[in-house]
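Colleague: Next up is a structure, given as structure tokens.
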Amino acid sequence: MSDRAPRRHSIRRRVLTFLIPSLLLLVLLGAWFSYFDAVNIAASSYDRSLLDPALDMAENVRIGADGPRLDMLAQAQEALLYDREDRLVFQIRDAQGSVIAGSPDLAAPPALAPGERVFFDGLYENEPVRIAAIRSDSGVYVQVGETLNKRKRLIGEMLAGDLIPTLMIAIGSIGLAWMGVSHGIAPLARVTSDLLGRSPRDLRPLDGSIAPTEIAPVVDAFNRLLSQLRESTAIQQRFLADAAHQLRTPLAGLQMHLELLLQRPLTADVRKEVEMMQSATLRASHLANQLLVLAKAEAGAIALAHPQEINLRSLAHQAVQEWVPRAIARDIDLGFELRDATVEGDPLLLGELLDNLIDNALRYTPSGGAVTVRCGYEGESACLSVEDSGSGIPIWAREKVFERFFRIEGSPGNGSGLGLAIVKEVVEQHGAALKLDTPGDVGTRISILFVSSSRRENTAAPG
Ligand SMILES: Nc1ncnc2c1ncn2[C@@H]1O[C@H](COP(=O)(O)OP(=O)(O)OP(=O)(O)O)[C@@H](O)[C@H]1O
Ligand SMILES: [Mg+2]
């Protein structure tokens, strides 16, 4: 199998490979017609002036006792046959065809009736000439031959006069076709940037109105495929959400039974076993909860089609209040610096995002540490961050911690490894940016930067 990339077909190339030979053929056809036209015009304009010396000479032929003879002075003959560009020769033959004056090198003319005249092409001293031949009433043949210099010049000038504009029009048409193709396919760039600007989960249909009619069937087919993908993704997400939801109820029941069991008198080893079962059940129901949130976050794109205006300040304030008892229990100073900042989004998903960040900060910061939740504006963008003075996330793990089910080995607690995956999902759904760094020498800071709505509109509708 060859690894060569499949050959792409360029529309411009196809148009030009059709257009250039067609135009060339048309130019050649035009030149062919122009040539014959020019030959005819040259003949009709110069033949007339060739006839005059022939008629003059015929008038000066006298019939004497010894037959016909030309009665014209040599200077008069010279003046009659003078031309700036061409050489002229004449010949006079009697009725029997014998040359009686002029050059013998001209071939005999065709048979003519008295008074008849004719023009034809011939040779004089091996050079092509145009000949005017007449037969006078007395039966004498007079021929005047002329080389073709002025005729050739006239034909050349006429051809150039016709051909140069035609060639310019042809070259212009090729240039226009080149630009026309660029102009015609320009809307495709908008479709491309729409597709390139999307996240892999953005399965909204393409806006058909920005594509040219010619590629509308491709856009329609692509939108049909997107709609099938949307459906199958929705089915998968519904399945995950249903499964997680279904798991929660029996797990809650199991947990309640275990708690009741622990209130009874039990032997030490049985109590230990039941406590381990209770911890495993807690872990399982936490996992079911996180899976449910993740499924909701993945499905969030649909909810985000109608986003709400949310003040991060009130959202963060409420979340911090809920985590205060846990912070006190862990002897951690949970503080906040909250300023007004409005974003568009889904309040439930943003609540889950914040819960997961605060949960991590409290869980992975040792007692006596500090956690700070901040929100406000950074330039034009609304910003939300959670910072802690804990152990920090090593550089090698800073991308991996956002993967599903990833936990750094030895991390305390029985987390499911889904918290930061949920955070990343919610951030992507909101078209926001995620940053993980260390605020000082120790600890972790995770910040979310929301692109301002005006800037978002600009990116959503490029060009
Ligand atoms: N603030 C933090 N400080 C230190 N380590 C952290 C912090 N936040 C996350 N981590 C590390 O990243 C891993 C992934 O975090 P994530 O929130 O995704 O999962 P989890 O907390 O283990 O489980 P879950 O959140 O689903 O209960 C954690 O196991 C922990 O090792
Ligand atoms: Mg977590």
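Colleague: With every protein chain present, what accessible area does TRP178 have (1.4 Å probe, heavy atoms only), rounded to the nearest 10 Å²?
Modeller: 130 Å²
Colleague: Here's something else I'd like to know. With a 1.4 Å probe and all protein chains in place, put SER447, SER367 in order of accessible area, largest first.
Modeller: Ranked list, largest accessible area first: SER367, SER447.
Colleague: Let me have the 222 nm mean residue ellipticity of the chain computed from DSSP H runs of 4+ only, each contributing -39500 (n - 2.57), with the sum over all residues rounded to the nearest 500.
Modeller: Estimated from H runs of four or more residues: -18500 deg cm²/dmol.
Colleague: If you scale each eigenvalue of the Cα gyration tensor by 5 and take the root, what three semi-axes come out for the stretch 230-291, rounded to whole angstrom and sorted largest first?
Modeller: 34, 10, 6
Colleague: At R0 = 45 Å, how high is the FRET efficiency between ASP47 and LEU176 if r is their beta carbon distance? Nearest 0.05 is fine.
Modeller: After rounding to 0.05, the efficiency reads 0.60.
Colleague: If you don't mind, there's one more thing I want to ask. What nm value, rounded to one decimal, do you get for the distance between GLU85 and ASP269 when each label is placed 7 Å out toward the C-beta?
Modeller: It works out to 12.8 nm between the two label points.
Colleague: Pull up the cross-link candidates among the lysines for LYS424, meaning alpha carbon to alpha carbon under 24 Å and not fewer than 8 places away within one chain.
Modeller: LYS296, LYS400, LYS435
Colleague: Before anything else, pin down the relative contact order of the chain: Cα pairs under 8 Å, at least 6 apart, normalised by residue count, whole percent.
Modeller: 10 percent
Colleague: What full-extension length gain, to one decimal in nm, is calculated for GLU127 and ARG198 as 0.36 nm per residue of separation minus the Cα-Cα distance?
Modeller: Length gained, GLU127 through ARG198: 17.7 nm.
Colleague: Something else about it: Need one number: the % of Cα-Cα pairs in the chain sitting beyond the 44 Å mark.
Modeller: Value for the chain (Cα pairs over 44 Å): 54 percent.
Colleague: Pairs of Cα atoms under 8 Å, at least six residues apart: use those to get the relative contact order of the stretch 11-156, whole percent.
Modeller: Value for the stretch 11-156: 25 percent.
Colleague: 7 Å from Cα along Cα→Cβ at both ASP437 and ALA186: what's the point-to-point distance in nm?
Modeller: 4.1 nm
Colleague: Take every Cα-Cα pair in the stretch 304-463 and report what % of them are more than 19 Å apart.
Modeller: The calculated P(r) of the stretch 304-463 puts 53 percent of pairs beyond 19 Å.
Colleague: Also, I was wondering about something else. For the stretch 42-106, rounded, prolate or oblate, judged on the Cα gyration tensor with a ≥ b ≥ c (square roots of eigenvalues), a/c < 1.5 rounded, else prolate if a/b > b/c?
Modeller: prolate
Colleague: Let me ask something additional. Take the Cα coordinates of the stretch 83-193, assign each an equal point scatterer, and use the Debye formula without solvent to give log10 I(q)/I(0) at q = 0.12, 0.23 Å⁻¹.
Modeller: Log10 of I(q)/I(0), two decimals: -0.59, -1.16.
Colleague: Continuing with the same structure: Leaving ligands, DNA and RNA out of it, rank SER391, SER138 by accessible area with a 1.4 Å probe, largest first.
Modeller: Sorted by accessible area, descending: SER391, SER138.
Colleague: Could you please report the charge total around SER314, scoring K, R as +1 and D, E as -1 over all other residues with beta-carbon less than 14 angstrom from its beta-carbon?
Modeller: Net of charged neighbours comes to -1.
Colleague: Points 7 angstrom from Cα along the Cβ direction at GLN228 and SER10: gap in nanometres?
Modeller: Using points 7 Å along Cα→Cβ, the separation is 3.4 nm.
Colleague: In whole percent, and with a 1.4 Å probe on the protein chains, what portion of the accessible area of the stretch 11-156 is carbon and sulfur?
Modeller: That fraction is 58 percent.
Colleague: Right, here's the next one. Tell me, what is the FRET efficiency for PHE18 and HIS317 to the nearest 0.05, using R0 = 51 angstrom and their Cβ-Cβ distance as r?
Modeller: About 0.15, to the nearest 0.05.
Colleague: From the alpha carbon gyration tensor of the stretch 210-356, can you work out the equivalent ellipsoid semi-axes (sqrt of 5 times each eigenvalue) and give them in Å, largest to smallest?
Modeller: Working through the eigenvalues yields semi-axes of 42, 26, 9 Å.
Colleague: Another question, then. Give the carbon-plus-sulfur fraction of the accessible surface of the stretch 378-423 in %, rounded to a whole number; probe 1.4 Å, heavy atoms of protein chains only.
Modeller: Looking at the stretch 378-423 in its full context, I get 51 percent from C and S.
Colleague: I'd like the orientation of helix 268-298 relative to the chain: the angle between its Cα long axis and the longest Cα principal axis, in ° from 0 to 90, rounded to 10.
Modeller: Around 30 degrees separate the two axes.
Colleague: I've got another one for you. Output needed for the stretch 11-156: three equivalent-ellipsoid semi-axes, defined as square roots of 5 times the C-alpha gyration tensor eigenvalues, in descending order, whole Å.
Modeller: Working through the eigenvalues yields semi-axes of 44, 14, 12 Å.
Colleague: Just add up the charged neighbours of GLU59: K/R +1, D/E -1, any other residue whose Cβ is under 14 Å from the Cβ of GLU59.
Modeller: Surrounding charge for GLU59 is 0.
Colleague: Still on this structure, I have one more. How much net charge surrounds ARG339 when only the other residues with a Cβ under 13 Å from the Cβ of ARG339 are counted, with Lys and Arg +1 and Asp and Glu -1?
Modeller: My count for the surroundings of ARG339 gives -1.
Colleague: From Cα coordinates alone, what are the radius of gyration and Dmax values for the stretch 303-365 in angstrom?
Modeller: Looking at the stretch 303-365, its Cα Rg and Dmax stand at 12.9, 41 Å.
Colleague: Something else about it: What does the extension gain come out to for GLU59 and PHE405, with contour length at 0.36 nm per residue minus their alpha carbon separation?
Modeller: Taking GLU59 through PHE405 to full extension adds about 112.6 nm, to one decimal.
Colleague: With a Förster radius of 22 Å, plug the Cβ-Cβ distance of MET276 and SER391 into 1/(1 + (r/R0)^6) and report the FRET value to the nearest 0.05.
Modeller: 0.25
Colleague: Now for a separate question. Distance from the Cα centre of the stretch 166-219 to that of the stretch 56-100, in angstrom?
Modeller: Cα centres, the stretch 166-219 to the stretch 56-100: 77 Å.
The values are calculated or read from the model by the stated rules, or taken from the named source; none is laboratory data. All figures in this text were calculated on a predicted structure; none of them were measured in a lab. Positions of Cβ are backbone-derived with ideal geometry, glycine not excepted, and every protein chain shown enters the neighbour counts. Remember, those area values only see protein heavy atoms, side chains included, never the ligands or the DNA or RNA. Shrake-Rupley method; radii C 1.70, N 1.55, O 1.52, S 1.80 Å.
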